[in-house]
Amino acid sequence: MSIHFVKPGLQTSLQDLGRIGQMHKGISRSGAMDTVAMQMANWLVSKPLDSAVLEITLVGPTLAFEKAMTLGVCGAEFELFLNGNQVFNNESFNVKPGDKLQFDKLKTGARAYLAFSGELKLAKVLASYSTHITAGFGGYQGRQFKLNDSLELHQTQIKDARKLPKECEMFYSGNYLLRCVSSVESSLFKQQNKNQFYASSYKVSTDSNRMGIRLSDNPIQLDNKLEILSSGLTQGSIQIPPSGEPIISSVDGQTIGGYPRIANVITADLSLLGQLKANDKVNFVFTTNKQANIILTNKQKIMNKLLR
């Protein structure tokens, strides 16, 4: 073994960029909910940015190491202790055999990503290491890690120290403004419904998970039930069920859906969905497809420049 789970945390799993091109088979993309933090963590340990990492949700694990390697943590900020000494997000650090890393109190965000300078001794499923927890396949035995599990790595090594540029560091306030474009059924909603949607502040429900983020407070008041045929459902689709409380589709969500979609979160903001936790506040603002493409292009240019 290389990494031993002394404590597994609430939901710690292997994730990468997911399974692209499988939705027509009814297989959701899965993968890291915050792909930006995932890629930054891999950059810290000098690995390809799409390499598999540990996704750590809300309550972190305690990990013991049997091989020397370099680690990097990005995304949600936990109090981190290596053998009792504090270490930090956004900068690489080394471990040696016998070391223990403890994820203590969660300070901001919802999901942290731990990258490691070693290769997995696991087989990919449909070209990905991602764990689809609901369906039970991929990753480590198709599930999140449990007490006393061990993750086997080979070709571990110590890498040169790296620290994220200040411009790349992320801060999670608990109050989020998500930019949206029109969706497939937006035209079915009355203008007063759309006005209410964009003027309202929502609260993230405790029922949220990797399948979908449910929002409460200020339900959309529909005069008539909107009936549609089920069709393809992508990450970031915002459905309005009969209750009027929006549901944002996420990485493990169903591939087709039957609730009308009032809007879609733009691609550049999808990673923020991975940092939403219960009781966070969410507002939406409309943008055009043209503006959304410009925002995404500029974001990719900045990432490419900083993480080269």
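Things to note:
- Enumeration of residues in the stretch 101-137 that are of a type outside the set (Val, Ile, Thr), in a loop (DSSP other than H, G, I, E, B) and surrounded by 14 or more Cβ atoms within 10 Å (Cβ to Cβ): SER117, GLY118, LEU122, LYS124, LEU126, TYR129, SER130
- Any hit, the stretch 224-233, residues being in contact (Cβ under 8 Å) with a residue 12 or more places away in the chain and closer than 23 Å to GLY174 by Cβ: no
- The stretch 1-54 - residue that is in contact (Cβ under 8 Å) with a residue 12 or more places away in the chain and basic (Lys, Arg) and, of those, farthest from ALA123 (Cα to Cα): LYS7
- Restricting the stretch 184-205 to residues that are outside any loop (DSSP other than H, G, I, E, B) and touching a helix residue (DSSP H, G or I) at 6+ places or on another chain (Cβ under 9 Å), the residue that is surrounded by the fewest Cβ atoms within 10 Å (Cβ to Cβ): LYS194
- A count restricted to the stretch 278-290 and to residues that are among the aliphatic types (A, V, I, L, M) and assigned to a loop (DSSP other than H, G, I, E, B) stands at 1.
- Positions within the stretch 138-148 being surrounded by fewer than 14 Cβ atoms within 10 Å (Cβ to Cβ) and either of a type in the set (Lys, Arg) or not assigned by TED's automatic domain parsing to the domain that holds PRO48 (or both), in sequence order: LYS146
- Test: LEU151 is hydrophobic (A, V, I, L, M, F, W, C), touching a residue at least 12 places away in the same chain (Cβ under 8 Å), loosely packed, with under 14 Cβ neighbours inside 10 Å and on the phi < 0 side of the Ramachandran plot: no
The values are calculated or read from the model by the stated rules, or taken from the named source; none is laboratory data. These numbers were taken from a predicted model, which means no experiment stands behind them. When we count neighbours, we look across all protein chains shown, and the Cβ atoms used for this are built from the backbone with ideal geometry, even at glycine.
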